[in-house]
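The structure appears below as structure tokens.
The values are calculated or read from the model by the stated rules, or taken from the named source; none is laboratory data. Model, not experiment: these values are computed from the prediction. Glycine also receives a Cβ, built like all others from the backbone with ideal geometry; neighbour counts cover every protein chain displayed. SASA here: full protein model, heavy atoms, side chains in, ligands and nucleic acids out. Shrake-Rupley method; radii C 1.70, N 1.55, O 1.52, S 1.80 Å.
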Amino acid sequence: YLEEQSNKLSIIKKNIKISKKTKILDVGCGTGISSDFGCFVIGIDPSFRLLEYNKHLKVLGTAESLPFKDNSFDYVISVTSIHNFNDILQSISEIGRVGKKNFVFSILKKSKKFGVIRQAIENNFKINEEIEEEKDTIFICRKP
């Protein structure tokens, strides 16, 4: 999925403003493809096996219980992983809690959970932009 994920990451980078001082949390980071931003990024994923391939700073954990203080990150991103979370509503709540104001969600269009995920995002964030990618819809959001 390297090329596919790299394309999504390129779209995200073009649509957000980051500097070397920006702090990003990558929720569902897996192997770390989506963590390459040139600033401080920490990824979290429940798969020890995937994290073994991740060369970035990472934590073993779940989206439902993020081990970070409130408002810790300038951006919280989740690239094509939210449909795998055990409790989408709890995950969205946790993502909102640890993020200061900016959020990016890349959601697999063919996921059976797409409607539920979209509704949860709309209920918890203000969607600034919705970008249609080949396999995903990318939501650029802020806290309301």
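Between S65, S78, S91, which is polar (S, T, N, Q), at pLDDT 95 or above and in a helix (DSSP H, G or I)?
Numbers: S65 fails: in a helix (DSSP H, G or I); S78 fails: in a helix (DSSP H, G or I).
It is S91.
Among the residues of region 94-110, which ones are closer than 19 Å to P46 by Cβ, outside any helix (DSSP H, G or I) and open to solvent by 20 Å² or more (accessible area, probe 1.4 Å)? Step through it out loud before you land on a result.
Here is the first cut: in region 94-110, the ones closer than 19 Å to P46 by Cβ are 94-95, 97-98, 105-108.
Imposing the further condition that a residue be outside any helix (DSSP H, G or I) reduces the set to 105-108.
Matches in region 94-110: L108 only.
Report the residue count in region 1-60 for those that are closer than 18 Å to S72 by Cβ and either of a type in the set (S, T, Y) or not in a loop (DSSP other than H, G, I, E, B) (or both). Quick ask: steps written out before the conclusion?
Going through region 1-60, the residues closer than 18 Å to S72 by Cβ turn out to be 16, 18-29, 35, 37, 39-45, 56-60.
After this cut, where a residue has to be either of a type in the set (S, T, Y) or not in a loop (DSSP other than H, G, I, E, B) (or both) as well, the list is 19, 22-27, 35, 40-45, 57-60.
Number satisfying all stated conditions: 18.
Among residues belonging to region 60-83 that are of a type in the set (V, I, T) and within 12 Å of the chain's Cα centre (by Cα), point out the one that is surrounded by the most Cβ atoms within 10 Å (Cβ to Cβ).
To start, the set of residues in region 60-83 that are of a type in the set (V, I, T) comprises 62, 76-77, 79-80, 82.
Checking the rest, the ones that are also within 12 Å of the chain's Cα centre (by Cα) come to 76-77, 79-80, 82.
Numbers: V76: 27, I77: 29, V79: 23, T80: 23, I82: 25.
Residue satisfying both the conditions and the ranking: I77.
When you scan region 1-22, how many residues do you find that are open to solvent by less than 60 Å² (accessible area, probe 1.4 Å) and of a type in the set (K, R)?
Residues in region 1-22 being open to solvent by less than 60 Å² (accessible area, probe 1.4 Å) and of a type in the set (K, R): 1 in total.
Say we look at region 117-127 and pick out the residues that are part of a helix (DSSP H, G or I) and either out of contact with any helix residue (DSSP H, G or I) (no Cβ under 6 Å at 6 or more places or on another chain) or at pLDDT below 95 (or both); which of these is least open to solvent (accessible area, probe 1.4 Å)? So that I can check it myself, show each step before the final result.
Within region 117-127, the subset part of a helix (DSSP H, G or I) is 117-124.
Cutting the leftovers down to either out of contact with any helix residue (DSSP H, G or I) (no Cβ under 6 Å at 6 or more places or on another chain) or at pLDDT below 95 (or both) gives us 118-119, 121-123.
Details: R118: 68, Q119: 89, I121: 0, E122: 80, N123: 109 Å².
It comes out as I121.
Going by the structure shown, is L57 of a type in the set (A, V, I, L, M), free of Cβ contacts under 8 Å to residues at least 40 places away in the same chain and either surrounded by 13 or more Cβ atoms within 10 Å (Cβ to Cβ) or closer than 25 Å to R142 by Cβ (or both)? So that I can check it myself, show each step before the final result.
On the way: of a type in the set (A, V, I, L, M): yes; free of Cβ contacts under 8 Å to residues at least 40 places away in the same chain: yes; either surrounded by 13 or more Cβ atoms within 10 Å (Cβ to Cβ) or closer than 25 Å to R142 by Cβ (or both): yes.
Considered against the rule, which asks whether it is of a type in the set (A, V, I, L, M), free of Cβ contacts under 8 Å to residues at least 40 places away in the same chain and either surrounded by 13 or more Cβ atoms within 10 Å (Cβ to Cβ) or closer than 25 Å to R142 by Cβ (or both), L57 comes out as yes.
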